[in-house]
Amino acid sequence: MDVIKKKHWWQSDQLKWSVIGLLGLLVGYLVVLMYVQGEYLFAIMTLILSSAGLYIFANRKTYAWRYVYPGLAGMGLFVLFPLVCTIAIAFTNYSST
């Protein structure tokens with residue numbers, strides 16, 4: 001005879017997908033605000049990191065990536081993003097009057 005464990009209220013799929021949907025809407029709103037203010041690089045970085053994070057933490061097939069993602073996100077945020085910003089600023093004419 002199979003034993004069915006009762007789920008707690010915080011383990012329901014409906015709550016999980018509601019929270020993921022609200023986080024997705026919040027990130028979408030923030031990305032649009034950044035884009036409107038002209039912060040294209042920050043908007044792209046936020047969109048890529050948050051969409052990858054939402055996918056990895058929402059999908060059961062990507063469970064092993066939950067341990068790798070924070071390191072990759074940190075490397076992208078603190079190493080690759082400043083490198084891209086430096087290269088982007090190097091080809092502008094901000095220092096001229």
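Taking helices (runs of 4 or more DSSP H) as the structural unit, those lying wholly within the chain and holding at least 1 residues that are of a type in the set (D, E, K, R) and either on the phi > 0 side of the Ramachandran plot or free of Cβ contacts under 8 Å to residues at least 60 places away in the same chain (or both) correspond to 13-36, 65-75. Looking only at segment 57-93, which residues are β-branched (Val, Ile, Thr) and closer than 22 Å to residue 40 by Cβ? Within segment 57-93, 79, 84, 86, 87, 89, 92 qualify. Filtering 40, 67 for residues that are surrounded by fewer than 15 Cβ atoms within 10 Å (Cβ to Cβ) and at pLDDT 95 or above leaves a single hit, 67.
When you look at residue 30, is it within 15 Å of the chain's Cα centre (by Cα), within 27 Å of residue 88 (Cβ to Cβ) and loosely packed, with under 13 Cβ neighbours inside 10 Å, yes or no? It is false that residue 30 is within 15 Å of the chain's Cα centre (by Cα), within 27 Å of residue 88 (Cβ to Cβ) and loosely packed, with under 13 Cβ neighbours inside 10 Å. Taken over segment 48-64, the residue count meeting the criterion of being closer than 22 Å to residue 28 by Cα and either surrounded by fewer than 12 Cβ atoms within 10 Å (Cβ to Cβ) or not small (Gly, Ala, Ser) (or both) is 7.
The values are calculated or read from the model by the stated rules, or taken from the named source; none is laboratory data. All figures in this text were calculated on a predicted structure; none of them were measured in a lab. Because the Cβ atoms are built from the backbone with ideal geometry, glycine has one as well, and the counts that use them run over all protein chains shown.
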